[in-house]
Amino acid sequence: MTSVLLEFSMFPTSADCRDGSSVSKQVSKIIDVIDKSGIPYQLTPMGTVIEASSMKEALEMIELAYEQLEDCDRVYSALKFDIRKNCKNRLKTKIQSVQKVLNREVNS
C-alpha cells in the first residue's frame, strides 16, 4: 500500500478566465470534481491537498483538475508530492502526530 499526498494549486492566469482579480469560479470547478471523486482531500487558502493510493491516481486527479480549465488560454499550477509506502489516512495522521508531540490540538 502506498500513500501519495499531493499538494497543488491550479488557476488561470489569462484574462479570458478571470473575473477581475478573482479566480474563485474556476477553482470551484476543480474542487467540485475532486469532491465528487470521493478521494480524500483538504482545501486550504493556498491550495488543495489530496491523498491518493498511487502516483497514477494522483496524476489522474491533476489531469481532471486541468480539464476544468482547458478552455483558458493560460493556466498556472504548482505541485508537491510526499510518497510513502505502508501508510494510509495521512491527511489526518500527520496532523495527529504533531498534536501528540505538542500534547494539544492545533488549527488544521
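Each reported figure results from applying straightforward, stated rules to the coordinates on display, with no laboratory input. Keep in mind that what you see is a predicted model, and the values were worked out from it rather than measured. Every residue, glycine as well, gets a Cβ built from its backbone with ideal geometry; the counts of neighbours run over all protein chains shown.
Along region 46-61, what does the Karplus equation 6.51 cos²θ - 1.76 cosθ + 1.60 (θ = phi - 60°) give for ³J(HN,Hα), rounded to whole Hz, x for Gly and Pro?
These are the phi-based 3J(HN,Hα) values: 10, x, 9, 10, 10, 10, 9, 8, 7, 5, 4, 5, 4, 5, 5, 5 Hz.
Name the residue from Val23, Val101, Asn86 whose Cα lies farthest towards the positive end of the charge dipole of the chain, charges +1 on Cβ of Lys and Arg and -1 on Cβ of Asp and Glu.
My answer, from the dipole projection, is Val101.
At 7 Å along Cα-to-Cβ for each site, give me the label-to-label distance between Arg18 and Gln42 in nm.
It is 2.9 nm.
Quick one: Karplus J couplings for region 26-38, per residue in order, coefficients 6.51, -1.76, 1.60, θ = phi - 60°, nearest Hz, x for Gly and Pro?
6, 4, 4, 4, 5, 4, 4, 6, 5, 4, 5, 6, x
So what are the ³J(HN,Hα) numbers for region 83-90, from phi and the Karplus equation (6.51, -1.76, 1.60; θ = phi - 60°), rounded to whole Hz, Gly and Pro as x?
Going residue by residue, I get 10, 9, 7, 6, 9, 7, 6, 6 Hz, with x marking Gly and Pro.
About the Cα centre of region 1-61, how large is the charge dipole given +1 on each Lys and Arg Cβ and -1 on each Asp and Glu Cβ? Please answer in debye to the nearest 20. If you can, show how the numbers build up before the last one.
On the way: 5 positive and 8 negative charges, 21 e Å.
The calculated dipole for region 1-61 is roughly 100 debye.
In nm, what is the difference between 0.36 nm times the number of residues separating Thr2 and Val33 and their Cα-Cα distance? Mind showing how you got there, number by number?
Details: separation 31, 0.36 × 31 = 11.16 nm, distance 2.28 nm.
Using 0.36 nm per residue and subtracting the Cα-Cα distance, I get 8.9 nm.
Once amide H atoms are built 1.01 Å from N in the peptide plane, which residues 5 or more positions from Val75, or in another chain, come under 5 Å H to H?
When sequence neighbours closer than 5 places are left aside, the close amide H contacts are Thr13.
Rounding to the nearest 20 debye, state how big the charge dipole of the chain is about its Cα centre with +1 on each Lys and Arg Cβ and -1 on each Asp and Glu Cβ.
Charge dipole of the chain: 780 debye, to the nearest 20.
Enumerate cysteines in the chain without a disulfide-compatible partner, where compatibility requires another Cys Cβ under 4.7 angstrom.
If one checks each Cβ against the other cysteines of the chain, Cys87 turn up with nothing under 4.7 Å.
Using only DSSP helix segments of four residues or longer, with each worth -39500 (n - 2.57), what per-residue ellipticity at 222 nm results for the chain after dividing by its residue count and rounding to 500?
Working: 3 runs with 40 residues, N = 108.
So the helix-based figure for the chain works out to -12000 deg cm²/dmol.
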